[in-house]
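The values are calculated or read from the model by the stated rules, or taken from the named source; none is laboratory data. Bear in mind the structure is a predicted one, so any value in this text is a computation, not a measurement. Here the Cβ positions follow ideal geometry from the backbone for every residue, glycine too, while neighbour counts run over all protein chains shown. Protein only, heavy atoms only, side chains kept; ligands, DNA and RNA dropped before computing areas. Shrake-Rupley method; radii C 1.70, N 1.55, O 1.52, S 1.80 Å.
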Amino acid sequence: MTISADVVVLGGGLVGLACARALARAGVSVALLERGSPGAGASSAAAGMLAPLGDAPGPLGPIARAARDDWELWRRAIEEESGRKIEAGADGALVVALDDDDQRGLQEIAAQAAEIGEKVEDASLAEIRRRVPDLSPAVHRVLHLPGERRVDNVAAVAALTIAAQHAGVRLEVGFDVTKIELPANRIRVHARDGRIATAGHLVLAAGASSSLPSSSSSSGLLLPPISPVRGQMLRLTGVRWAWDGIVRRPSLYSVRRGESDLLIGATVEPNAGFAVETTVGGLATLLDWTRRTFPTLGDRVVTASWAGLRPATADGLPLVGPLPGDPRVIAATGHYRNGVLLAPWTADVVAETVLHGCLPERARALDPARFAGP
Ligand code: GLY
């Protein structure tokens, strides 16, 4: 079977879905090719933090901030288009310090906040203890980042899948890419089961797997390397706080979910390859952190644990824009720890790139051409 479209998007995570929806709403015909089911990778494994501070180095800081500012409007649009709710919390984030390392991390976050004009304030310990009663008595300082947000990323995948299809996106699931051909007329993407998708543009949004189709390409598609960095997570239930947001120490974090749940994340494992597994050591790290930060949660039930793969580039910045070797291919990948946050922003940039034929200036720092040799 041959699928023909103006643009094929490779990868049905939040970034790929958001790109496909934005393009379809701009009047472009789009086929979205997904190896498994939508959001099956990092998009569902994430905790849904919209946190521009801490994980966004250098030029990514202002981009992350702009992306956070636009998320709420985007969330409401997706809710309306899909008829589905996407839970969100507006309390912001608390960064708490238990030891000297945490204290140094707090100072770094405060400095980064000042640099990008993000609001940060010292919080009253008494007030915080009232809202987070399980917080360790050893916490001696708390920063409140009122601008940070959390969303239910799993609900966002479900709603966005519907919204994209309503916009006209053709969704092809189980599309396991074996080869990408780039002849002068039409790009051709082959699946293991014989399906072929042809298009004028290809958006590469396959997260940690983005390098795989390119390595199997007969035409030598030049995508800068992307490597998987595993993150393990777990979920507790029975947490009743008046605080509806994020509590983190500079290293790990907890994020409220639903009425009484808490997500705890995440390990950072660059040497685990593509193994999407939880391990004794990984979960022990999360549980140790939980017990030290919230000592009275020891009797709560762990309801789930899982792992996901963050797509990392050599300089820690995403790859967004046309590939120097063939500008018909547009990268929308390498978002590392910021995929949920940057999905709507990336979609706008990718849609503009396809429609106007060049990368908008605001995305220049993420241009894949930065890796091109002389
Ligand atoms: N965005 C949080 C993480 O990657 O762990």
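Remarks
- Solvent-accessible surface (1.4 Å probe) assigned to Asp100 amounts to roughly 110 Å².
- Folded to 0 to 90 degrees: helix 339-356 orientation relative to the chain principal axis, Cα: 30
- Element breakdown for the chain at a 1.4 angstrom probe: carbon and sulfur atoms account for 53% of the accessible area.
- Cβ-based charge dipole, the chain, positive-most Cα from Ala332, Val95, Thr285: Ala332
- Grouping the Cα pair distances of the chain into 10 Å bins from zero gives a pair-distance distribution of 5, 25, 33, 23, 11, 3, 0 percent in increasing distance order.
- Arg104-Asp122 pseudo-label distance in nm [points 7 Å out on the Cα-to-Cβ vector]: 2.1
- With the whole protein complex present, Asp152 retains an accessible surface near 30 Å², based on a 1.4 Å probe.
- Size descriptor, Kirkwood hydrodynamic radius, that averages inverse alpha-carbon separations across segment 313-371, Å: 11.3
- Label-to-label distance, Ser251 versus Asp299, with points set 7 angstrom from Cα along the beta-carbon direction: 2.8 nm.
- Spin-label model, Lys85/Arg240: points 7 Å from Cα along the beta carbon direction are separated by 2.0 nm.
- Each of Glu148, Glu115 has its accessible area taken with a 1.4 Å probe; listed largest first, they run Glu115, Glu148.
- Where a label projected 7 Å from the Cα of His140 along Cα→Cβ would reach, residues of segment 222-258 with amide N under 18 Å: 249-251
- Förster radius 45 Å - calculated FRET efficiency between Lys179 and Glu361, Cβ distance, rounded to 0.05: 0.85
- Theoretical FRET efficiency, 1/(1+(r/R0)^6), r = Cβ-Cβ of Ser260 and Ala111, R0 51 Å, to 0.05: 0.90
- Taking N as its residue count, the alpha carbon Rg of segment 245-374 over 2.2 N^0.38 Å: 1.35
- Largest to smallest accessible area among Ser260, Ser251 [probe 1.4 Å]: Ser251, Ser260
- In the distance distribution for segment 81-187, Cα-Cα pairs more than 22 Å apart total 58 percent.
- Computed P(r) (all Cα pairs; segment 73-130; 10 Å bins; percent): 17, 33, 25, 21, 4
- Sorted largest first by accessible area at a 1.4 angstrom probe radius, with every protein chain in place, the residues Tyr253, Tyr336 fall in the order Tyr336, Tyr253.
- Across all C-alpha atoms in segment 1-96, the radius of gyration and Dmax reach 15.7, 55 Å.
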